[in-house]
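**Q** Below: one structure in C-alpha cells.
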C-alpha cells in the first residue's frame, strides 16, 4: 500500500487526518452553521494541521455549494473535499465547488451491503459494480484526487467488497474508504476486514485506505485505530465527535490516543495538539452543542480532580492521575486571574492564552462586556471569558440585537417583559405578558419580529459555579425544513434567553435569504 510520507526524524507511519465536521458533523440535527461560522471553523482546522477538510455536500443546497466553494478559495494548506453520490450531476456539482482549491478532492460513495442495495438503492450487485466504475471515472475526469467509499462496508459481503474496491482503484480512485456507516463493527473485526481487502485486491497498493467510524456502540475511536493496524492510513473524524445519530470518531481523542500510546499505535499525525481545546470550544459554540463535562480530552472535567485520594496523588506527582498535561491540549492551568481591576492589555493576553485572536473593534467590544461582567461578578473565570467572547463573535454580524430588557416576575398575576430590539439600526420597543418570564420575553420578541418558527428546545446551564455564574442559553427553532440553534450568555438568565432566541431568529433570516428583518415581513 502507498503510505503517506513519514515525518522527518520519525520512525512512525504518517496518518492523514480527514475532518468531516463541516459535512457529516453538520448533518447532526440542529447543528447547521452559517457560512461565516463554517469559514471560521475551516480556518482553524487548516491552522491546526488537518490534512483534508470535507467542506460539505455541494448538491444538497445552494448554501452547501457556496460554503464548499468559499472554503476551497480560502484554505491555504489542507486539501478541500466535497461529497457526492454516484449520480453524474452530483459529481459535476462537486467538481465545480472544489475547482478553486489549491488541492481539491471529490469524495463519491455508493452502498455495497445487501440490505442497502436491496432496500435503499433497489439495484442488483452487478448494477452497483458498474456504477462504481462509472462514478470514479467521471470524478477522475475532473480532479486527480478521488476518494471512493463503500457505504455500509462493514455489513458488505467480502467477495463483493473486494470486487468494488478493485474496480474503484482501476477507474482512478486514489483513496478507498471502508466506513462503519452504522457503528456496527468491533475493533478486531474492523482490522481484519482491512487486512483481507488489502491482501485480496491485486491493485490495493495503488491507493490509501481510510477509516470512517460511527459511534453507535461507543467504539468509533477504538475501531478507527484498529483500522490503522489493518493497514489504513487515513482517519475520518469530527471535532467533539459530532455527527449523525451517536456521532463520529472524535478527532481530539484520536490525535491524543496516538500521541500518548505511540508504543502500541506507532503513527504520527500533523495536528498541533495545543489547538484541540480551542477547536472544541469553537465547534461547540457555532453548533450550540455543549460538550459533556466528562468528555475525553476536551471536557471541562478532563483534568479536574475532586477525590481526596486523587488530589493527594496529584500534589505528589501529576503523573499519578494524568497521562497527559492540560497544556498539551491547550488547557491553561490558571483559571482565576481576571477581575474588575484588570486592564485591556491583560485581557488581550488572557484571550491569547485561551486561543482567541480578535481584531481591534471586536477586542474593544469584548473588553467592554468583560468590564461590565467583572463589575457584576465576584470572580471571573476562564469559562466566563470564553462564553462572553463566543457570544460576541457569534452574534457580531446579527441584524437584530437585544438592546434593553426589563422583566417583572413573581407569584401575583402574569409575568411581563419590556423589550427593545435593534433591527437594522432602528430601535423598536414592546411590552408583553406570558406564563412565566421566559414566555413573556419570547412573546415580546414575536411581537416585534413576527414569524412562524416553532420553539423545539430551550436549555439553560451555568458556565461556572456559584449563584453569580453566567447563564448560557441555547434555543432551537424550526421553520419548515430549516432548523437552527441560537446561543446567548449573560449573568442574567433572562437576558441570555432573549439573546439566544434573537440569535436563532437571525440564523433563520439568513437561511431564508430575505433582505429585511422579520419584523418588516409580518406574517412570514
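**Q** Between segment 247-267 and segment 31-105, how far is it from one alpha carbon centroid to the other, in angstrom?
**A** 25
**Q** Follow-up question, since we're still on this one. Using the per-residue mean of other Cβ atoms lying within 10 Å as a proxy for protection, in what order, highest first, do the peptides 80-87, 181-188, 498-505, 60-67 fall?
**A** Values: 80-87: 24.4, 181-188: 19.1, 498-505: 26.9, 60-67: 17.5.
Ranking the peptides 80-87, 181-188, 498-505, 60-67 by packing returns 498-505, 80-87, 181-188, 60-67.
**Q** Could I ask something else about it? Beyond 26 Å, how much of the Cα-Cα pair distribution for segment 155-312 remains, as a whole percent? All intermediate terms of the calculation are to be shown ahead of the outcome.
**A** Working: 4267 of 12403 pairs.
Percent of Cα pairs beyond 26 Å in segment 155-312: 34.
**Q** Pairing the Cα long axis of helix 276-287 with the longest principal axis of the chain, what angle in degrees results, from 0 to 90 and rounded to the nearest 10?
**A** It works out to around 70 degrees.
**Q** Normalise the Cα radius of gyration of segment 82-183 by 2.2 N^0.38 Å (N = residues in it) and let me know the number.
**A** Details: Rg = 12.9 Å, N = 102, 2.2 N^0.38 = 12.8 Å.
For segment 82-183, the normalised Cα radius of gyration is 1.01.
**Q** Expressed as an acute angle from 0 to 90° and rounded to the nearest 10, what is the orientation of the C-alpha long axis of helix 62-74 relative to the principal long axis of the chain?
**A** Relative to the chain, helix 62-74 is tipped by roughly 80 degrees.
**Q** Which angle between 0 and 90 degrees, to the nearest 10, do you get for helix 360-376 versus the longest principal axis of the chain when only C-alpha atoms count?
**A** 60
**Q** Considering the values [x] 153; [y] 172; [z] 199, which represents volume of the Cα convex hull per residue in Å³ as calculated for the structure under consideration?
**A** [y]
**Q** Taking the DSSP beta bridges in segment 13-287 as the whole, what percent of them are antiparallel, to the nearest 5?
**A** Values: 1 of 36 bridges.
Here the antiparallel bridges make up roughly 5 percent for segment 13-287.
**Q** Next question. What is segment 379-478 by shape, rounded, prolate or oblate, if you read a ≥ b ≥ c off the alpha carbon gyration tensor as root eigenvalues and call it rounded for a/c under 1.5, prolate for a/b larger than b/c, and oblate otherwise? Can you show the working numbers first?
**A** Values: a/c = 1.72, a/b = 1.24, b/c = 1.38.
Oblate, because a/c is 1.5 or more while a/b does not exceed b/c.
**Q** Another question, then. In the chain, what percentage of the DSSP-assigned beta bridges are antiparallel, given to the nearest 5? The partial results should precede the final answer.
**A** Values: 36 of 71 bridges.
Antiparallel bridges: around 50 percent, rounded to the nearest 5.
Bear in mind that the values in this text are calculations on the coordinates, not laboratory data. Treat the numbers as computed from the prediction; the structure is a model and nothing was measured. Note: ideal-geometry Cβ built from the backbone for every residue, glycine included; neighbour counts use all protein chains shown.
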